[in-house]
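The values are calculated or read from the model by the stated rules, or taken from the named source; none is laboratory data. Remember, predicted model here, so these are calculated numbers, not experimental data. Quick reminder, even Gly has a Cβ in these numbers, built from the backbone with ideal geometry, and neighbours come from all protein chains shown. When the accessible area is computed, the model is the full protein with side chains, heavy atoms only, and any ligands, DNA or RNA have been set aside. Shrake-Rupley method; radii C 1.70, N 1.55, O 1.52, S 1.80 Å.
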Amino acid sequence: SMEYKLQPFIMLQRHTLNLLQEKDAEDIFVNPVSDEEAPDYKDIIKHPMCFSVMRNKVDTHRYKTMEAFEADFKLIIHNCCMYNAKDTVFYREALLLKEEGMEIIKDAKLIAEKVG
Ligand SMILES: CCOC(=O)c1ccc2c(c1)NC(=O)[C@@H](C)N2
């Protein structure tokens, strides 16, 4: 059935997410930014995103394409660069993660065409 056909795609997304999360050495992108850490975060960032939310969306089949998966990854980076000043560790970590992450996603999109 379609359900079993989707499994390779879900496995590919889980594997890709694991590779992305490995690049977040300090685990700053894993969980939602808390009110304690950043009291004004919700005033500034209207669409929060993090790896744990992405994992839940993968597991509940919310990403129909790798482009939709990629869009949430880019949202994580964008939010971090909007909220944190350019001279912060967070901002620099986001730029690094973007460089490494987009290579990982490029490979995943090529594989997605195959398991498609
Ligand atoms: C222990 C203090 O932690 C933080 O202040 C903090 C912890 C995690 C964060 C964050 C801030 N800001 C962010 O934009 C995203 C990347 N994550």
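The table below gives the values:
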{"quantity": "Residue identified as modelled with pLDDT under 95, open to solvent by less than 90 Å² (accessible area, probe 1.4 Å) and outside any helix (DSSP H, G or I) among 25, 38", "calculated": "25"}
{"quantity": "Close pairs from segment 21-39: first among the β-branched types (Val, Ile, Thr), partner surrounded by 14 or more Cβ atoms within 10 Å (Cβ to Cβ) and part of a loop (DSSP other than H, G, I, E, B), Cβ under 8 Å, at least 6 apart", "calculated": "30/24; 30/50; 33/45; 33/48; 33/50"}
{"quantity": "Matching entry among 51, 73 (being in contact with a Gly (Cβ under 8 Å, 6 or more places away or on another chain), crowded, with 17+ Cβ neighbours inside 10 Å and modelled with pLDDT of 95 or more)", "calculated": "73"}
{"quantity": "Test set (1) within 27 Å of residue 106 (Cβ to Cβ); (2) within 16 Å of the ligand (Cβ to nearest atom) - residue 61 fails condition number", "calculated": "(2)"}
